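Down below is the structure, laid out as C-alpha cells.
Any read-out appearing in this document is the output of simple, stated calculations on the displayed coordinates, not a laboratory observation. No experiment lies behind these values; they were computed from the predicted model shown. Because the Cβ atoms are built from the backbone with ideal geometry, glycine has one as well, and the counts that use them run over all protein chains shown.
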Amino acid sequence: MLTVIPTPIGNLGDITLRALEALRSCDLVAAEDTRHTGLLLKHYEISKPQISLHEHNEAARSGMLIKDMLAGRSIALVSDAGMPAISDPGGRLIHSARQAGLSVTVLPGPCAALTALVGSGLDTERFCFLGFLPHKAGRRQRELAAALARQETSVFYESPHRLGKSLAQLAELDPERQICVARELTKHFEEYRNGRAVELLAHYTEHPPKGEICLLIAAAPERRRATTPHSTPCDAP
Ligand code: SAM
C-alpha cells in the first residue's frame, strides 16, 4: 500500500499523529530529498529506510516501487514540505499505484496554497490554484492577465527573486486589484501583506523579500462580495 504524507511547511510541529504513525509503521519512505526528510525523521525519533523520489527519477523509480508494493511492502510518500504531488513529485507514483489496483491513502495536512488562501482574507468560496508562475515575462504576463479575468481567487507559488516583476506587471494590468503576498507561513517571520500591486511593490522594493512566498490575486470585481466576504453553508440561498 501507498500512504501519501504531508509534512510541515516550516513549523516542525505541523505534523499529525496519523502522519507520524504512518511514518513509523511503513516499510520504506520515498522522499524527495532523503537528507531533508532525514532531519524530520530524526526530530521525531523515527528510524526508517528511505529511497529518493524526485522529479528526475520519478518515472524510473515508480515502476520499482509499484513492484515492491505489489509484493506487500508499504511505502510512505513524502516531499520536502507540504502535500506531495502539489507542485512537488509524487503524482506519477500515485497514478501508477492506482492503475495497479494498490490501496492509496492520502493523509490530510499542511499545504502552503491552502494556508495562504485562508489566511489572505480573500474569497475562499471559489479559488484556482495555478502552481508556480512561469519564468518568462511573456508567459507570466498571460498567466497574470488570465488570473485577473478569473471570477475566483487565484493562488500562485512565487519566488522572492521574481515577486517584484510579477507585482510590476500586475500594477500595469490592473492597478486597483487587491493582491496578497503570503510569506514564510508557519515560520518565525510569517507575513500576510494585502494591498494594491503598486503598494506591495513599493514595500518589497524597500524591503526585499526573503523566504517562501504565495501570491494571491482577488477575484474579478463581478464576483467579489462587498459586504459578506465569508459566507457559511447556512448563507447559501
Ligand atoms: N507541496 C508543497 C505544498 O503543499 O505546499 C509546495 C511545494 S513547492 C515546490 C514550494 C513552494 O510553495 C514555495 O516556493 C512557495 O512558493 C510555496 N511555499 C512553501 N512553503 C511555504 C511557506 N512556508 N510560506 C509561503 N509559501 C510557501
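In the chain, the calculated helix contribution to ellipticity at 222 nm averages -10500 deg cm²/dmol per residue, counting -39,500 (n - 2.57) for every DSSP H run with n ≥ 4. Extension gain, ARG18-VAL198: 0.36 nm per intervening residue step, less the Cα-Cα distance, totals 60.4 nm.
Take each peptide in 5-17, 37-49, count the other Cβ atoms within 10 Å of every residue, and average; sorted highest first, the result is 5-17, 37-49. Taking the longest Cα principal axis of the chain as reference, the axis of helix 34-43 is set at about 80 degrees.
Judged by the mean number of other Cβ atoms found within 10 Å, the most tightly packed of the peptides 211-221, 76-86, 147-157, 117-127 leads the ranking 76-86, 211-221, 147-157, 117-127.
Using 11 Å as the cut-off for backbone N distance, which residues of the range 48-68 belong to the label zone defined by a point 7 Å from the Cα of HIS95 along Cα→Cβ? Output list for this probe position: 59. Roughly what angle does helix 137-149 make with the longest principal axis of the chain, taking Cα atoms, 0 to 90 degrees, to the nearest 10? Roughly 70 degrees between the two axes.
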